[in-house]
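What follows is a set of notes on a single structure, which appears directly below.
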Amino acid sequence: MGPGRNVRPHLYSGQNIDGRGRASRRDALDSRHGNRVAGACAQASPDLMVGARSMSKAYFSAPRAGAAGLSPVHGDAGQSSGGASALAGLPRWDLSDLYDGPDSPQLATDLDQADEDAQAFARAWQGRLANVPGGELAQAIAEYQRIDEVLGRAGSYAQLLFAANTSDSDVARFAQSVNERLTAISTHLLFFTLEINRISDDGLSAQLSDPALAHWAPFLRDLRVFRPYQLSDEVEAVLHEKSVTGAAAWNRLFDETMASLRVRVGGEDTTLGNALDTMSSPDRTVREHAAHAIGDELGRNVKLFSLITNTLAKDKAIVDGLRHYPRPTSARNCANMVEDDVVDALVQAVTEAYPRLSHRYYALKAKWLGLEKLEYWDRNAPLTTQDEPLIPWTEATKQVMAAYEGFDPRMGTVAKQFFDHAWIDAPPVPGKASGAFAHPTVPSVHPYLLLNYRGRTRDVMTLAHELGHGVHQVLAGKQGYLMSSTPLTLAETASVFGEMLTFRALLDAQTDPARRRLMLAAKVEDMLNTVVRQIAFYRFEMLVHEERRRGELLPARIGEIWRQTQVESLGPAFNFTPDYDVYWTYIPHFIHSPFYVYAYAFGDCLVNALYGVFRSGHPGFQDKYLDMLKAGGTKRHRELLAPFGLDAADPGFWQKGLDVIAGFIDELERV
C-alpha cells in the first residue's frame with residue numbers, strides 16, 4: 001500500500017497514524033482473505049490537523065499502515081510445517097539504521113533536542129508568519145521539516161519495533177511512551193500549519209513570488225486544501241493532545257486484541273493469520289473447519305470489536321461535524337487530493353461491473369470445482385487439489401528482480417538494495433504483524449519491508465508489490481520529508497505496477513497450458529480482491545458510518561450490512577452461513593484508516609490503464625514512469641498521468657482498467 005508518508009504534512013490521524021510514519025500495507029486488503037494491506041499501510045486517517053506531520057500522532061500500536069515489523073533476531077525463522085528446508089534462511093531486518101535499541105542514548109538525545117528545538121521554533125515564529133518575506137517563511141518551513149523528520153525517525157522506530165513484537169508488553173509500553181512524548185513535542189509545532197492557513201490568499205501569493213518559497217509551493221498547495229475545515233488553535237490543540245487517549249487508545253486495544261486471538265485448527269491453537277492462510281487449503285474439509293473456527297473466535301469477541309467500531313465511528317463523526325465536512329469520506333478525499341466526483345465515478349463503475357467481473361468469475365469457479373454453490377470458505381480455494389510447490393526465498397528474489405531489471409535497470413538497481421541490506425523482514429513468526437507492508441521511515445534513512453513469506457506464488461506477488469512501494473519511497477525521498485508522500489490514490493501505483501511486471505514475466509515464461517490457466521485465474525482473483533472486494537469494503541464503511549450518525553449499531557446490524565455488501569459484490573454463486581457475519585471484525589483498515597480501501601481499486605485500475613500504455617510501446621515510457629515516482633507528493637494525479645495520455649477524471653478511464661480484468665475472464669472462459 002502507498003509509497004512515501006502518505007498523509008499530508010499538516011495532518012495527523014486522530015484515528016491511526018500521522019502522515020510521517022505511514023506505510024503501505026497489504027493485509028487489511030489481503031488478496032486472499034480480504035485482509036490485504038497495505039500499506040497501508042496504510043494508510044492514515046486525516047481527521048485532525050496538527051503542526052507536526054510526522055509523529056504528532058504517530059501510530060505505534062498496530063501492524064497497519066505506518067508499522068513495519070522488526071525483530072532483533074537474524075537467521076532462520078517462520079518455516080511452515082513441511083517446508084522448513086524450502087523456507088530456510090528467510091531474511092530478518094536490522095533496525096539499527098534508525099536506532100540501536102529502545103534504550104539507545106541517541107534516541108533519548110534526539111527526543112530531548114527535538115523538544116528544545118520545537119520550543120525555540122515556536123518562540124521564533126509564532127505570530128509572525130503572515131508578515132515575513134517569502135524567503136524567511138521558506139527558512140521556517142525548512143526548519144520545521146528538519147525537526148519533524150527527527151520526530152519521524154523516532155516514531156518510525158517505535159512503530160516498527162511494535163509491529164514485530166505486538167505481544168510483548170515491554171515493547172508496547174515503549175511504543176506508547178514514545179507516542180506520548182512525540183505528541184507532547186509536536187504540540188509546540190501545532191501552530192505552524194494552522195497559522196500558515198490563516199495567511200490570506202493574496203498575502204501568500206505575494207510571499208510565493210520569492211523563489212525560495214516557491215520551492216515549497218506543493219506543500220503549501222496541499223496544506224490549503226484543509227483551510228476551510230480548520231478550527232481555532234485552541235480546539236486543534238485539544239484534539240491533538242487528547243488523541244493519544246482517544247482514538248489512538250482504541251486502535252491499540254484493537255491491535256493487541258487481534259494479536260492475542262488464537263484459533264483451533266487441526267487440533268492446535270494458532271494465530272488468526274495462520275488460520276486465514278488455512279482457508280486456501282486444497283482440502284475443502286480443512287477450509288470449512290478453519291472457517292468455522294475463525295468465525296467462532298471472532299464471534300466470541302464481536303461485542304468488543306463492535307464497541308471499538310462504534311466508538312471510532314462516533315469519534316470521527318464528531319470531528320467531521322466540528323470541521324463541517326459534508327460526508328464521512330470527505331476528509332479522506334481531501335487527504336488523497338482527489339475530487340469527490342472522481343471517487344464516486346470509480347465506485348459507480350466498479351459496482352456496475354460486478355456482474356461481468358466477480359459474478360461471472362465465481363460462477364466459473366463453482367463449475368471448475370464441481371459445486372452447485374460456493375461457500376464463503378471456497379472463495380480462495382485453489383483450482384487444483386495438488387499442494388503448491390513451495391518457492392524458496394532465493395528463487396522468489398530472482399523472479400522479482402528479473403522483472404524489475406527487465407523493465408528498467410535503474411529500477412532494478414534501487415530494488416537490489418533491499419536484498420543487499422537488512423531492509424526486509426520475511427518470516428511469519430508469532431507476535432509479528434500479519435500481512436505485509438512497506439514503511440518509508442524518513443528520507444535520511446531508508447524504507448523497510450515487512451512480509452510473512454510462506455513460499456506460495458501469492459507471496460512472490462506480495463514481495464513484488466511491497467518492493468514497488470519501497471522503490472517508490474526511495475525515489476520520492478529526494479523531495480524531502482514534507483513533499484515525498486503521495487496521496488493514497490497514487491500510493492499503490494508502483495506496487496501494483498511491480499506486481500504486474502512480475503506476473504507478466506512469469507506468465508510469458510509459462511509453457512504448460514494447465515499451469516498457465518491456474519496462474520491466470522490466480523491473477524484474476526487477486527485483481528477482484530483488489531478492486532471489487534475493496535469497493536465492497538468501502539460501501540460497507542459508508543453504510544456503517546452513515547448509520548452510526550443516527551445511533552449505535554448492534555453487532556448483528558453491522559453483520560447484516562457486511563453480508564449485504566458481500567452478497568452484492570460476490571454474487572449469486574455464493575452461499576453465506578451466519579458465522580460469516582463477523583468476518584468484518586478482523587480488517588484493520590476499518591479501524592485505523594477509514595475509507596482507505598478505495599485507494600487499492602483506484603491504484604489497480606490506474607495501473608491496468610498505465611500498463612496498457614506501456615505494452616503499446618509508448619515512447620519514453622520508462623523515463624516518464626520513473627519521473628512520476630520521483631515526483632512524490634509534488635504533483636496531483638492529473639499532472640502525473642498527463643504524460644501518458646491518461647486522465648482519471650475522464651468517465652471512460654475506469655472502464656479501461658476494468659476491461660483488463662474482464663479480458664482475463666474472457667480468456668479463462670475460452671480455455
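The residue pairs whose first member lies in segment 628-656 and is under 20 Å from D341 (Cβ atoms) and open to solvent by 60 Å² or more (accessible area, probe 1.4 Å), whose second member is assigned to a helix (DSSP H, G or I) and not polar (S, T, N, Q), and whose beta carbons are closer than 7 Å, counting only pairs six or more residues apart or on different chains, are D647/R638; D647/L641; D647/F653; P651/A345; Q655/A349; K656/A609; K656/G612. Return yes or no: is D320 farther than 14 Å from D579 by Cα and open to solvent by 30 Å² or more (accessible area, probe 1.4 Å)? Against the criterion (farther than 14 Å from D579 by Cα and open to solvent by 30 Å² or more (accessible area, probe 1.4 Å)), D320 does not qualify.
Screening W377 on (1) farther than 28 Å from H292 by Cβ; (2) open to solvent by less than 20 Å² (accessible area, probe 1.4 Å); (3) assigned to a helix (DSSP H, G or I) shows it passes everything except condition (1).
Each residue in segment 319-344 was checked for being aliphatic (A, V, I, L, M), at pLDDT below 90 and at negative phi, and 3 of them qualify.
Per the listing A124, A130, A118, the residue uniquely among the small types (G, A, S), open to solvent by less than 30 Å² (accessible area, probe 1.4 Å) and in a helix (DSSP H, G or I) is A118.
Is at least one residue of segment 595-608 at pLDDT 95 or above, touching a helix residue (DSSP H, G or I) at 6+ places or on another chain (Cβ under 8 Å) and of a type outside the set (G, A, S)? Taking every residue of segment 595-608 in turn, none turns out to be at pLDDT 95 or above, touching a helix residue (DSSP H, G or I) at 6+ places or on another chain (Cβ under 8 Å) and of a type outside the set (G, A, S).
Residue-by-condition table, conditions (1) out of contact with any helix residue (DSSP H, G or I) (no Cβ under 7 Å at 6 or more places or on another chain); (2) at pLDDT below 95; (3) more than 24 Å from W423 (Cα to Cα):
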site: G82; (1), (2), (3): yes, yes, yes
site: A86; (1), (2), (3): yes, yes, no
site: D97; (1), (2), (3): yes, no, no
site: A114; (1), (2), (3): no, no, yes
site: A118; (1), (2), (3): no, no, yes
site: Q126; (1), (2), (3): no, no, yes
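Applying the condition of being of a type in the set (S, T, N, Q) and not in a helix (DSSP H, G or I) to segment 495-528 and asking which residue is nearest to P440 (Cα to Cα) yields Q510.
Kindly check whether there is at least one residue in segment 160-177 that is under 23 Å from L449 (Cα atoms), outside any helix (DSSP H, G or I) and open to solvent by less than 40 Å² (accessible area, probe 1.4 Å). Yes, the conditions are met somewhere in segment 160-177.
Can we say F503 is open to solvent by less than 30 Å² (accessible area, probe 1.4 Å), touching a Cys at 6+ places or on another chain (Cβ under 9 Å) and either aromatic (F, W, Y) or at pLDDT below 95 (or both)? Spelling it out, it is not the case that F503 is open to solvent by less than 30 Å² (accessible area, probe 1.4 Å), touching a Cys at 6+ places or on another chain (Cβ under 9 Å) and either aromatic (F, W, Y) or at pLDDT below 95 (or both).
Yes/no per residue for (1) within 14 Å of the chain's Cα centre (by Cα); (2) at pLDDT below 95; (3) not in a loop (DSSP other than H, G, I, E, B):
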{"position": "P428", "(1), (2), (3)": "no, yes, no"}
{"position": "S434", "(1), (2), (3)": "yes, yes, no"}
{"position": "D459", "(1), (2), (3)": "no, yes, yes"}
{"position": "E466", "(1), (2), (3)": "yes, no, yes"}
{"position": "G477", "(1), (2), (3)": "no, no, yes"}
{"position": "L490", "(1), (2), (3)": "yes, yes, yes"}
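For L239, the stated conditions do not hold, so it cannot be described as modelled with pLDDT of 90 or more and not small (G, A, S). Hey, which of the helices (runs of 4 or more DSSP H) in segment 217-306, taking only ones fully inside, have at least 3 residues that are polar (S, T, N, Q) and in contact with a strand residue (DSSP E or B) (Cβ under 7 Å, 6 or more places away or on another chain)? Of the helices (runs of 4 or more DSSP H) lying wholly inside segment 217-306, none has at least 3 residues that are polar (S, T, N, Q) and in contact with a strand residue (DSSP E or B) (Cβ under 7 Å, 6 or more places away or on another chain).
List pairs: first residue in segment 281-307 and of a type in the set (A, V, I, L, M), second residue assigned to a helix (DSSP H, G or I) and open to solvent by 20 Å² or more (accessible area, probe 1.4 Å) anywhere in the structure, Cβ distance under 6 angstrom, at least six positions apart or on different chains. So the pair list comes out as A290/T278; L298/V582; V302/P555; V302/V582.
Are any of the residues in segment 576-584 of a type in the set (A, V, I, L, M, F, W, C) and under 27 Å from L507 (Cβ atoms)? Checked segment 576-584: no residue is of a type in the set (A, V, I, L, M, F, W, C) and under 27 Å from L507 (Cβ atoms). Open to solvent by 10 Å² or more (accessible area, probe 1.4 Å), closer than 30 Å to G406 by Cβ, in a helix (DSSP H, G or I) and not aliphatic (A, V, I, L, M): is that true of G603 in this structure? Taking the combined requirement at face value, the residue does not satisfy it.
Every listed requirement among (1) more than 29 Å from the chain's Cα centre (by Cα); (2) under 14 Å from L107 (Cβ atoms) is met by S156 save one, (1). Remark: pairs (first residue in segment 603-618, over 12 Å from M527 (Cβ atoms); second residue of a type in the set (S, T, N, Q) and in a helix (DSSP H, G or I); Cβ separation under 7 Å; 6+ apart in sequence or on different chains) = L606/T493. Of all residues in segment 323-348, those satisfying the criterion of being open to solvent by 10 Å² or more (accessible area, probe 1.4 Å) and assigned to a helix (DSSP H, G or I) are C334, D340, D341, D344, A345, V347, Q348. A522 falls short on exactly one of the conditions (1) touching a Leu at 6+ places or on another chain (Cβ under 6 Å); (2) surrounded by 18 or more Cβ atoms within 10 Å (Cβ to Cβ); (3) of a type in the set (A, V, I, L, M), and that condition is (1).
The values are calculated or read from the model by the stated rules, or taken from the named source; none is laboratory data. This one's a predicted model, so the numbers in the text were calculated from it and none came from an experiment. Using ideal geometry, Cβ is built from the backbone for each residue, glycine included, and neighbour counts are taken over all protein chains shown. These area figures cover heavy atoms from the full protein model, side chains too; ligands, DNA and RNA do not enter into them. Shrake-Rupley method; radii C 1.70, N 1.55, O 1.52, S 1.80 Å.
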